[in-house]
Amino acid sequence: METGRKRDGAALIALDWGTSSLRGFLMDGAGMVLEQRANAHGIQNLPQPGLPGFEQAFAELCGDWLAGNPGIRVVAGGMVGSVQGWVEAPYVACPADTGTLASHAIAVDSAAGVRILIAPGVTYAPPDAPPDILRGEEIQIAGVLADRPDWAPESCMVLPGTHSKWVQIQDGRMTRFATYMTGELFAVLTKHSILGRLMPVDVEADADARDAAFADGVRAAQASGPGDLTHQIFAARTLGITRRMAPELLKDFLSGLLIGHEMVSGLTRMGAALGSGRPLLLIGDGALCRRYVQGLALLGIEPTARLENTAPKGLFQFAIAAGLIAPPAGKDTHV
């Protein structure tokens, strides 16, 4: 029988529930993480299909937290609120802030007798262009602004990943954004196209050579003309066939090319948001963000800051905005 794991001061369970992983954070009333856990039970890798899989994944990760801290509040963000998730939390339109997310949140009652409040995603749908969406990144952005309200008046946040996001912030709200399938395209090309046949998986080049190959890709993107991308991608094959580049460097060249094209486009789209010294912030995995720092430097830009996991702070801010927990004394919680 579950005996529970009581933690003094525990006030919130925050779930960052994505496609491939589930991360849980036990937090106190001041937003400090008391304990954290993670497993591979993202929405596409549940322990069993359908709603029972969500129930089981939640119980396995958080069961002792729930038993040891009766009445604790639970919030969640990410793909758990998508149409393939536990329950759909429909997108809200830009401009949106944490209060907007809280006012459109959807609750699901778990078999454990606990209600989970799930944050919606955000959509940007200009009348003269295709719509764009994000889900999960809005929580990370809320976490950034909770810590740094000085970045709220106007800034640009870049969240590298499988689907990279470039988000404009004005007056504490997400006003517009653009998505780039950079990480997914890289994975498809290296694993499922003819390009990957020349890229060895068991040979590692030295760091300087890899950085140089990456820089070659970024510079090729910078020098490209309209429609050049698919032509340039083929260079990741021909450079290897002609021996102008070592096979173990072709992945780095391709990475630089794809990230370079993303940055050239993103910087153009967000140009007005980046003028007059407005902050440019990188949020995400350290190794991947390092590549973006390298690439931006080649384009003559230095990011204002590089941040890693801001989801716990964002989920805490979401819980405050939803009225589930009281804001810490003396803390300005408006974002």
Legend entry - Conditions (1) of a type in the set (A, V, I, L, M, F, W, C); (2) open to solvent by 60 Å² or more (accessible area, probe 1.4 Å); (3) farther than 30 Å from residue 202 by Cβ; number of the one not met by residue 305: (2)
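Would you check which residues across segment 1-13 are at pLDDT 90 or above and under 19 Å from residue 55 (Cβ atoms) and list them? Reasoning before the result, please.
At the first step, the residues of segment 1-13 found to be at pLDDT 90 or above are 10-13.
13, the sole residue that qualifies.
Can you tell me which residues in segment 14-29 are open to solvent by 60 Å² or more (accessible area, probe 1.4 Å) and at pLDDT 95 or above?
Going through segment 14-29, the residues open to solvent by 60 Å² or more (accessible area, probe 1.4 Å) turn out to be 20, 23.
Correct list: 23 only.
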Inset, instruction - Hey, could you check segment 170-187 for residues that are farther than 25 Å from residue 101 by Cα and not small (Gly, Ala, Ser) and say which is least open to solvent (accessible area, probe 1.4 Å)? - result: 182
Inset, instruction - From the list 260, 277, 240, 217, pick out the single residue that is of a type in the set (Gly, Ala, Ser), buried (at least 16 other Cβ atoms within 10 Å of the Cβ) and within 30 Å of residue 153 (Cα to Cα). - result: 260
Inset, instruction - Would you check if there is a residue in segment 158-169 being modelled with pLDDT of 95 or more, among the basic types (Lys, Arg) and open to solvent by less than 40 Å² (accessible area, probe 1.4 Å)? - result: yes
Legend entry - Spans of strands (runs of 3 or more DSSP E) in segment 79-145 with at least 2 residues open to solvent by less than 20 Å² (accessible area, probe 1.4 Å): 115-118
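For segment 243-265, does any single residue satisfy the condition of being basic (Lys, Arg) and touching a Phe, Trp or Tyr at 6+ places or on another chain (Cβ under 9 Å)?
Of all residues in segment 243-265, those basic (Lys, Arg) come to 243-244, 251.
With touching a Phe, Trp or Tyr at 6+ places or on another chain (Cβ under 9 Å) added as a condition, the list becomes 251.
So far as segment 243-265 goes, yes, one or more of its residues are basic (Lys, Arg) and touching a Phe, Trp or Tyr at 6+ places or on another chain (Cβ under 9 Å).
The values are calculated or read from the model by the stated rules, or taken from the named source; none is laboratory data. It should be emphasised that the depicted structure is a prediction, and the values quoted were computed from it without experimental measurement. Note: ideal-geometry Cβ built from the backbone for every residue, glycine included; neighbour counts use all protein chains shown. SASA here: full protein model, heavy atoms, side chains in, ligands and nucleic acids out. Shrake-Rupley method; radii C 1.70, N 1.55, O 1.52, S 1.80 Å.
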